[in-house]
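Notes to accompany the following structure.
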4 protein chains.
Amino acid sequence: MVRVAVAGASGYTGGELLRILYMHGEAEVVYASSREYAGKPIHFAHPHLRGFYRGLVFQNLSIDSILKADPDVTFLALPHGVGLDLPPSLLESGVRVVDLSANYRLKDPESYRRWYGFEHPYPDLLSKAVYGLPELRRDELRGAKLIASPGCNATVTIIAAAPLVVGGLVDGLLVADVKAGSSEGGAQPSRGSHHPEREGAIRPYSIIGGHRHQAEVEQELSRLSSSTIRVSMAAHAVSSVRGALASVHAVLKDRVGFDVVWRSYASMYGKERFVRLVHPRLTPRGLDVKYVVGSNYVDVTIGLDDSAGRVTAFAALDNLVKGAAGQAVQAFNIALGFREDEGLDMPPIHPV
Amino acid sequence: MVRVAVAGASGYTGGELLRILYMHGEAEVVYASSREYAGKPIHFAHPHLRGFYRGLVFQNLSIDSILKADPDVTFLALPHGVGLDLPPSLLESGVRVVDLSANYRLKDPESYRRWYGFEHPYPDLLSKAVYGLPELRRDELRGAKLIASPGCNATVTIIAAAPLVVGGLVDGLLVADVKAGSSEGGAQPSRGSHHPEREGAIRPYSIIGGHRHQAEVEQELSRLSSSTIRVSMAAHAVSSVRGALASVHAVLKDRVGFDVVWRSYASMYGKERFVRLVHPRLTPRGLDVKYVVGSNYVDVTIGLDDSAGRVTAFAALDNLVKGAAGQAVQAFNIALGFREDEGLDMPPIHPV
Amino acid sequence: MVRVAVAGASGYTGGELLRILYMHGEAEVVYASSREYAGKPIHFAHPHLRGFYRGLVFQNLSIDSILKADPDVTFLALPHGVGLDLPPSLLESGVRVVDLSANYRLKDPESYRRWYGFEHPYPDLLSKAVYGLPELRRDELRGAKLIASPGCNATVTIIAAAPLVVGGLVDGLLVADVKAGSSEGGAQPSRGSHHPEREGAIRPYSIIGGHRHQAEVEQELSRLSSSTIRVSMAAHAVSSVRGALASVHAVLKDRVGFDVVWRSYASMYGKERFVRLVHPRLTPRGLDVKYVVGSNYVDVTIGLDDSAGRVTAFAALDNLVKGAAGQAVQAFNIALGFREDEGLDMPPIHPV
Amino acid sequence: MVRVAVAGASGYTGGELLRILYMHGEAEVVYASSREYAGKPIHFAHPHLRGFYRGLVFQNLSIDSILKADPDVTFLALPHGVGLDLPPSLLESGVRVVDLSANYRLKDPESYRRWYGFEHPYPDLLSKAVYGLPELRRDELRGAKLIASPGCNATVTIIAAAPLVVGGLVDGLLVADVKAGSSEGGAQPSRGSHHPEREGAIRPYSIIGGHRHQAEVEQELSRLSSSTIRVSMAAHAVSSVRGALASVHAVLKDRVGFDVVWRSYASMYGKERFVRLVHPRLTPRGLDVKYVVGSNYVDVTIGLDDSAGRVTAFAALDNLVKGAAGQAVQAFNIALGFREDEGLDMPPIHPV
């Protein structure tokens, strides 16, 4: 059994890591940290986990407390900009790192200044981190020591858009319009997440300056293309708890038909373990974030307006699973040579 | 008091017409039709209206039953393609018509073939109908005999986009990404609207072939511009009951700054009775469909990504009020020379 | 026009007071206080009220600032235990008070120790305050100087149970099981009201020691009866934003039939302006909090299990209107001799 | 591997059986029936199961089609009153039956006349069926051939109330007030389940004549007691998708204190695999249906009002898992001698 530490284990992503790792046959959680719940049992933060992880108690996060637990791998589920020093220290001690924050996702140190407002203290390490999106980076992930797990809005947008870019099918600006549930905002209450304010909401957010995930999306899509890809992202809070949907609008380069576009998706995702292609004409119910909740699946479909020569690609995922904890475990599985779906081989839950 | 008939009064739009007309000081509802509830009191279809309209009973819809009630104006809240004969017959009898269906919205008879699948039987009447969007057509509405009240997704998109088009600020395709609540689908149950399937949903619909409201949007925006405006619309069902939000993405023609774009909005909407401009930097809470629920207001804001030279304009409204019944009453008020906000002068309800 | 001050105007009850008073033909809001939003316009706290109350700015609450605004009446929408000194000071200055907190609801000073944990500083004033439930205390309300407006869970329980008690129809303990939406908890965010935690919730609260509204309920029901009425209350948070439903379970004294019980309800509520009786057999849709949202109505019905000799009475209201701001305005109308439904004569909004 | 057939596999309970059995190491689904989806792949009815059960196609239900699939066990997830003939035929052919309908739950044939309106055709078989609530009937379940799986509202009420009855702690009528989510009503759309009507709802149902589950509850609780137990049940639809909560109100016989009552719960449930006791004073977050969603757990707590001498017991479960499919698999595991948690050993999902 691989020994696993989870730093930042009292948040929603932390809770999902604990839920998934409980079902993982090769991993054992030996450490969980939480400032707020230090000294308390797991179910104080995660009442649904009552009865699970009985021996475990939250600890105050420190490099020492992690190392004392002697983990093989540490998952970092901390806020952006927090715990930047942990990866280098852990790597030095021979502990692999899966970082679920944005701290090591971007290759260009400059981007941290613009999008996150800090100077990255370990610019060299950025190039060594592997962006943990298996559908794009599976080969690099094998044996990886430092995995930078993607953001949920970035994941759903990249998955929706990648075959358009890889196939060279579209021209000009991509417009990515993302809608996401309230769990994306994390476990800390705020005015905007107060139930009477959030339930029933349909609202854009970060409309000034743009959405941070844009940097990841452009970085990864550009890597797939011969040219720099520009994406205009808008993010919206809607009245779900779980789930994120990306609608990627683009203009078709050569007015290719549906079959050509569909073939690009089938070729890229046909054999992917966690991507499910939803043919828009052959399935009665279409695509909905509801159909992936609780699972690591991402469902993908496309709509084509032939007369207008434009395509809209859609991807739907569970923001806490394929958008966070599940994808992190998937990348961890690849890195350590486990079955890619170890701990993740379960159907979505519906209706919920 | 003006005598008002409501055909199709048992649906959600019909219910909202009854609610609003109850508060209207110049109108009196003398007729309400419903096939399903014929012979039954109003509260059988609208339990919230228990105690209101005590004398009224639903009638089976027919031109004779309407005329017998001797109305001055008839609101038609019928499904698209139903009751196409009513407007000419009513007009002939001297009864004004406010048609809330799509039946008389499009100027080009051809469009009915493409988008609604029927041959329009009264193509000549199409040119006489006034598209009932007061912010665009106030002058034509004065004294109008036949008002074609706009669709909710069309209204919210046009309101968001119009100042970009009027100002000549943008180039190329407009992308309109609309998110709407479940009441938009009407009062008839279906699999897709079944609560366990709809609650928590984030799903695109009509992804093949496009959204019908696109025709209205292109018609009206093109009229504001010197050139033909093309709009790529995608509609999404989200987990609200009321409300529709349009996010209109566009590329700025001359990389103009925020002030120029804002000025175009202020110039077009600054004095509008039911448009509220939400300055993205000067207001703490931004824009949300929640802030207009129950009212005839449409809130509008914009986001600008200077570096990318693109703008996203947002509009939020209550799909059953400004998106349907409220806007119909607003247009009716203008047509008959009442105060524009008669029956509509009330704040939104929040939180709800 | 009567000059009205609203203390605690940035909360949800305050917001509803502002919404309702806007539609009130005899009252004018001349003052609104808020610690958090002092110096800010109304729409900073209530974005739905953008465009309303343009001249008004929140002030820091003090007796001086209120008196300077020279109000005839002051509504206090403050937390329990806050502003206890305001009523005596205001009354002394000739300003009538409608207190929406629990501060002056209970007649027995002892009860404040037990249920609210403080010594009431003005025990003499308690006997002068009129409990503002018009259906029980209309006569006392006429001309009242100090109105203690009831709690929402108390209102809905008392309305459901009163005819059982007045008619002497039931024996033994009344069980009141209340279910309420999230807006009941007020505008301050907390872990329990965080959207991912609250949406979909069905949970009891205050299960240790009982619900505070029990004191009001027992006080008011006992007054209607020749004996002391004991009520066992349990309150539950459910996944609505607005609305509270009370299910009052009781054992019938003499195994009387449905007609006898119904007659007691009809006799008590048949002429009430804001109580709507829903006959369980004659109406197709029954009773639901959804049918009263946005309005001052309370809907009432009963279920009878003849074989078991028990009755369950149900009442449904909007917790922020009939459960708070609307009922306060209704009592204010009676006190000042206005039409009882002034500012409140509008239908509920449905669906929302 | 045990070969399993699922009749009525396209409903919500059927879908949950398929989800759970996928994770079951000892069972293999060899047959799934659905009238509506006959001939179609599983994901046509259950879009979340896309990619699972690829070889399986829905069949038209008949005894022949089941037997042709040669199952060892058949789960019947059919509506009440449908398929009454299947259990005797299947048993005769040596196929065990787990019936999730009410068809074989009641021991007294008379009860079927009163509560379900039909004459039971196999009264003798009623006495042979084992009521599949493991916490009460584990011993009888071992080796059982015909299991009548309990209703969700019955399960949650019995679990909440049983220790009060077993301990002989309470007197007189038990009042059971149940609140449940919309998935309880099944997959067929109706006016009441239409999203705009159901979202935000708080409404009682079956208020005339009582809730059918009352018969099961009284049968099972009376069996635990020396006397006949009477339960007054009221059921409410609230605005969740999943989950049911029972609040059982009772008067304490001897004014025993908290510890005595708690001991009865601990003694009955302390070692139960799927009951989690939530101490009302020692846990920060209490009990909520949200904490059991997706799992077979039922959480239980109690509240005591010492001064009033009354107790309220609460139980929360996922109506489709512990209230239906999960409990059926749990009973099946016991009957066949598998680990009781086979296929069910997974944490709840939260937040969702």
Filter pass, C:LYS322 being surrounded by 19 or more Cβ atoms within 10 Å (Cβ to Cβ), under 30 Å from C:LYS253 (Cβ atoms), at pLDDT 95 or above and not β-branched (Val, Ile, Thr): yes
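Does region D:293-300 include one or more residues that are in contact (Cβ under 8 Å) with a residue 12 or more places away in the chain, hydroxyl-bearing (Ser, Thr, Tyr), under 18 Å from C:HIS236 (Cα atoms) and in contact with a helix residue (DSSP H, G or I) (Cβ under 8 Å, 6 or more places away or on another chain)? It would help to see each step written out before you state the result.
Looking only at region D:293-300, we keep the residues that are in contact (Cβ under 8 Å) with a residue 12 or more places away in the chain, and these are D:293-300.
Among the residues that remain, those that are also hydroxyl-bearing (Ser, Thr, Tyr) are: D:295, D:297.
Imposing the further condition that a residue be under 18 Å from C:HIS236 (Cα atoms) reduces the set to none.
Within region D:293-300, not a single residue is in contact (Cβ under 8 Å) with a residue 12 or more places away in the chain, hydroxyl-bearing (Ser, Thr, Tyr), under 18 Å from C:HIS236 (Cα atoms) and in contact with a helix residue (DSSP H, G or I) (Cβ under 8 Å, 6 or more places away or on another chain).
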Working carefully through the options A:GLY186, A:GLY181, A:GLY200, A:GLY210, find the one that is facing another protein chain (nearest Cβ under 7 Å) and farther than 24 Å from A:LYS107 by Cβ. A:GLY200
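Restricting attention to region B:116-149, report how many residues are acidic (Asp, Glu) and surrounded by 14 or more Cβ atoms within 10 Å (Cβ to Cβ). Walk me through it before giving the result.
At the first step, the residues of region B:116-149 found to be acidic (Asp, Glu) are B:119, B:124, B:135, B:139-140.
Within this subset, residues satisfying the condition of being surrounded by 14 or more Cβ atoms within 10 Å (Cβ to Cβ) are B:135, B:140.
Result for region B:116-149: 2.
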Considering region D:279-289 alone, what residues qualify as being buried (at least 21 other Cβ atoms within 10 Å of the Cβ) and either hydrophobic (A, V, I, L, M, F, W, C) or farther than 25 Å from C:GLY209 by Cα (or both)? D:LEU287, D:VAL289
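Report the residue count in region D:201-218 for those that are at pLDDT 90 or above and in contact with a Gly (Cβ under 8 Å, 6 or more places away or on another chain). Spell out how you get there, then give the answer.
Taking region D:201-218 as the starting set, the residues that turn out to be at pLDDT 90 or above are D:201-205, D:214-218.
When the remaining residues are screened for being in contact with a Gly (Cβ under 8 Å, 6 or more places away or on another chain), the result is D:202-205, D:216.
So the answer is 5.
Does C:VAL260 meet the test of being closer than 16 Å to C:ILE158 by Cα and surrounded by fewer than 24 Cβ atoms within 10 Å (Cβ to Cβ)?
Values: closer than 16 Å to C:ILE158 by Cα: no; surrounded by fewer than 24 Cβ atoms within 10 Å (Cβ to Cβ): yes.
The answer is no for C:VAL260.
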Going through (1) without any contact (Cβ under 8 Å) to a residue 24 or more places away in the chain; (2) aliphatic (A, V, I, L, M); (3) facing chain B (nearest Cβ under 9 Å) one by one, A:VAL278 fails only at (3)
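Is it true that C:ARG105 is modelled with pLDDT of 95 or more, touching a Phe, Trp or Tyr at 6+ places or on another chain (Cβ under 8 Å) and within 14 Å of chain B (Cβ to nearest Cβ)? Spell out how you get there, then give the answer.
Details: modelled with pLDDT of 95 or more: yes; touching a Phe, Trp or Tyr at 6+ places or on another chain (Cβ under 8 Å): yes; within 14 Å of chain B (Cβ to nearest Cβ): no.
Against the criterion (modelled with pLDDT of 95 or more, touching a Phe, Trp or Tyr at 6+ places or on another chain (Cβ under 8 Å) and within 14 Å of chain B (Cβ to nearest Cβ)), C:ARG105 does not qualify.
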Tell me which residues, restricted to region B:16-45, are closer than 12 Å to B:PHE75 by Cβ and of a type in the set (Gly, Ala, Ser). B:ALA27, B:ALA32, B:SER33
Quick one: which helices (runs of 4 or more DSSP H) lie wholly within region D:35-115 and hold at least 1 residues that are free of Cβ contacts under 8 Å to residues at least 24 places away in the same chain and surrounded by 14 or more Cβ atoms within 10 Å (Cβ to Cβ)? D:42-45
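Could we say that B:VAL156 is outside any strand (DSSP E or B), more than 7 Å from every other protein chain (Cβ to nearest Cβ) and of a type outside the set (Lys, Arg) here? Full working, then the answer.
Values: outside any strand (DSSP E or B): yes; more than 7 Å from every other protein chain (Cβ to nearest Cβ): yes; of a type outside the set (Lys, Arg): yes.
When the stated conditions are applied, B:VAL156 passes them.
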Among the candidates A:ALA176, A:ALA180, which residue alone is surrounded by 24 or more Cβ atoms within 10 Å (Cβ to Cβ) and in contact with a Leu (Cβ under 9 Å, 6 or more places away or on another chain)? A:ALA180
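I'd like to check something: does region B:115-122 contain any residue that is over 19 Å from B:ARG3 (Cα atoms) and under 16 Å from the mean Cα position of the chain (by Cα)?
Checked against the condition, which is being over 19 Å from B:ARG3 (Cα atoms) and under 16 Å from the mean Cα position of the chain (by Cα), region B:115-122 yields no hits at all.
So is C:LEU86 modelled with pLDDT of 95 or more and either within 18 Å of C:GLY343 (Cβ to Cβ) or in contact with a Gly (Cβ under 6 Å, 6 or more places away or on another chain) (or both) or not? Reasoning before the result, please.
Values: modelled with pLDDT of 95 or more: yes; either within 18 Å of C:GLY343 (Cβ to Cβ) or in contact with a Gly (Cβ under 6 Å, 6 or more places away or on another chain) (or both): no.
Answer is no for this residue.
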Determine which single condition A:SER193 fails, assuming it passes every other condition in (1) more than 8 Å from every other protein chain (Cβ to nearest Cβ); (2) modelled with pLDDT of 95 or more. (1)
Would you be able to say whether some residue in region A:157-171 is touching a helix residue (DSSP H, G or I) at 6+ places or on another chain (Cβ under 6 Å), modelled with pLDDT of 95 or more and closer than 19 Å to A:GLY8 by Cβ? no
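Looking at B:VAL292, B:VAL238, B:VAL298, B:VAL248, which is the one that is at pLDDT 95 or above, facing chain A (nearest Cβ under 9 Å), closer than 30 Å to B:HIS195 by Cα and buried (at least 22 other Cβ atoms within 10 Å of the Cβ)?
Values: B:VAL292 fails: facing chain A (nearest Cβ under 9 Å); B:VAL298 fails: facing chain A (nearest Cβ under 9 Å); B:VAL248 fails: facing chain A (nearest Cβ under 9 Å).
Sole residue among the options that is at pLDDT 95 or above, facing chain A (nearest Cβ under 9 Å), closer than 30 Å to B:HIS195 by Cα and buried (at least 22 other Cβ atoms within 10 Å of the Cβ): B:VAL238.
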Any residue in region D:130-138 that is at negative phi, without any contact (Cβ under 8 Å) to a residue 60 or more places away in the chain, away from every other protein chain (no Cβ under 14 Å) and not hydrophobic (A, V, I, L, M, F, W, C)? yes
Inspect all residues belonging to region C:313-328 and state whether any of them is within 11 Å of chain D (Cβ to nearest Cβ) and over 21 Å from C:SER149 (Cα atoms). yes
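For region B:254-313, give me each residue that is closer than 30 Å to C:ILE349 by Cα and of a type in the set (Lys, Arg). Step through it out loud before you land on a result.
Keep residues of region B:254-313 that are closer than 30 Å to C:ILE349 by Cα, which gives B:269-280, B:283-302, B:313.
Listed by number, the residues that qualify are B:LYS271, B:ARG273, B:ARG276, B:ARG285, B:LYS290.
The values are calculated or read from the model by the stated rules, or taken from the named source; none is laboratory data. Model, not experiment: these values are computed from the prediction. Quick reminder, even Gly has a Cβ in these numbers, built from the backbone with ideal geometry, and neighbours come from all protein chains shown.
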